[in-house]
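Below: one structure, written as C-alpha cells.
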Amino acid sequence: MAFELPQLPYDKAALEPHIDARTMEIHHGKHHAGYVKKLNAALAGHGKFLDMPVEDLLREVESVPESIRQTVINNGGGHANHSLFWEIMSPDGGGKPGGDLLQAIEKKWGSFDAFQEEFSEKAGSIFGSGWAFLVVDESGSLSCKRHSFQNNPYMFGSTPVMGLDVWEHAYYLNYQNRRADYIEAWWNVVNWSQVSENFSLATG
Ligand code: MN3
C-alpha cells in the first residue's frame, strides 16, 4: 500500500475568483503531490506505517523511527492537511453553517462573527508558513488553533474539522503579500456542509 493523491472534488477553476485555477493546479498537482511522494519514499520498507490511515499515522507519529519522524511529520502532515483543505472548500460554499455546528460555535464564541474573527486572526498572525484550524479536542470542545509548517492537530490529540492553508504557495500568484485579502476571500468558498459532517464525525 502507499498513500495516494486524492482528486480535487471540483474543477481547478471552480473556486475562482477567490482562488485562481493556476494556484489550484500547482498547489494540488505539485505541492500536495510532492508531499505524497516524499511520504511514500520516507516510509518505503516501513509497511506497517504505509498501511495506516494518515490520521492514525500522525496520531501515533511518536512511534515512527526517529530517523524518518520529521520527514513523516512534514509530508504526512502536508498530505493530511491538504486532503482536508480541498474537501472543506466548494464553489457552492460561503455563508454560515447550520445545525449542531452553528450551535456549538455560538455556545463557544457567543456568535458566528466572533468565531470568524478569531479564526481569521489566527490565520493572519502565523509568522511564515502554516495553517489555521478549527479543531475538536479530546473533551469534544471546539477551538481555533494555529500550527507552523505542516504540523497537524492529530499530533496534539485533536481532530481538525476545518483548515486554512496560509503558506504563500496557497495565495501568492493572486494576492502576492496580501494574506488578509486571501483570508477574507476564502470565507466565500468554505463548504459548511462538509465542515459540519467533519464536526459530527469528530464528536460522534
Ligand atoms: Mn499548501
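The values are calculated or read from the model by the stated rules, or taken from the named source; none is laboratory data. Please read these numbers as outputs of a predicted model, since none were measured by experiment. Please note: Cβ atoms are built from the backbone with ideal geometry, for glycine as well, and neighbour counts cover all protein chains shown. The protein model used for the area step is the full one, side chains on, heavy atoms only, and it has no ligands, DNA or RNA in it. Shrake-Rupley method; radii C 1.70, N 1.55, O 1.52, S 1.80 Å.
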Exercise for the section: Give me the percent of DSSP beta bridges within the chain that run antiparallel, rounded to the nearest 5. Expected result: 100
Problem - Length gained when the stretch SER200-ARG178 is fully extended (0.36 nm per residue, less Cα-Cα span) - result: 4.6 nm
Handout entry: Helix 112-124 axis, angle to the chain major axis (alpha carbon atoms, nearest 10°)
Key = 50
Problem - Number of Lys pairs (Cα under 23 Å; 8 or more positions apart or on different chains) in the chain - result: 14
Handout entry: For the chain: accessible area per residue (Å², 1.4 Å)
Key = 48
Fill in the blank from the handout: For the range 69-76, Karplus-derived ³J(HN,Hα) couplings (6.51, -1.76, 1.60; θ = phi - 60°; whole Hz; x for glycine and proline) come out as 4, 5, 5, 5, 4, 5, 8, x
Exercise for the section: May I ask for the angle, rounded to the nearest 10°, between helix 192-203 and the longest principal axis of the chain, with both axes built from Cα atoms and the value confined to 0 to 90°? Expected result: 60
Practice task
Would you mind computing, in nm to one decimal, how far apart the modelled labels at GLU118 and ASN40 are, each placed 7 Å from Cα along Cα→Cβ?
Solution key: 4.0
Practice task
Would you please classify the overall shape of the range 99-203 from the alpha carbon gyration tensor, given that a ≥ b ≥ c denote the square roots of the eigenvalues, rounded means a/c under 1.5, and beyond that prolate means a/b larger than b/c while oblate covers the rest?
Solution key: prolate
Fill in the blank from the handout: Ranking ILE183, GLY98, GLY76 by how far each Cα lies towards the positive end of the charge dipole of the chain (+1 on Lys and Arg Cβ, -1 on Asp and Glu Cβ), the top one is GLY76
Practice task
May I ask for the angle, rounded to the nearest 10°, between helix 99-109 and the longest principal axis of the chain, with both axes built from Cα atoms and the value confined to 0 to 90°?
Solution key: 80
Fill in the blank from the handout: Karplus ³J(HN,Hα) for the range 48-57 (6.51 cos²θ - 1.76 cosθ + 1.60, θ = phi - 60°; Hz, whole; x = Gly/Pro) runs 4, 7, 5, 8, 7, x, 4, 5, 5, 4
Fill in the blank from the handout: Here the range 81-93 yields Karplus 3J(HN,Hα) values (6.51, -1.76, 1.60; θ = phi - 60°; whole Hz; Gly and Pro given as x) of 4, 6, 4, 5, 4, 4, 5, 8, 10, 7, x, 9, x
Exercise for the section: Springs between alpha-carbon atoms under 10 Å, Gaussian network over the chain: tell me which of SER111, SER139, SER120 tops the mean-square fluctuations. Expected result: SER139
Exercise for the section: Take the Cβ-Cβ distance between LYS48 and GLU168 as r, set R0 to 41 Å, and report the resulting FRET efficiency rounded to the nearest 0.05. Expected result: 0.70
Fill in the blank from the handout: For the chain, the percent of accessible surface on carbon and sulfur atoms (probe 1.4 angstrom, ligands and nucleic acids excluded) is 48
Fill in the blank from the handout: Heads up, the chain by the C-alpha gyration tensor (a ≥ b ≥ c square roots of eigenvalues; a/c under 1.5 rounded, else a/b over b/c prolate, else oblate) looks oblate
Exercise for the section: Using Cα centres only, tell me the gap between the range 27-62 and the range 83-150 in whole Å. Expected result: 25
Handout entry: Residues with amide H under 5 Å from that of MET89, placed H, sequence gap 5 or more
Key = ASN191
Practice task
Multiply the residue separation of ALA2 and GLU138 by 0.36 nm, subtract the distance between their alpha-carbon atoms, and state the gained length in nm to one decimal.
Solution key: 46.1 nm
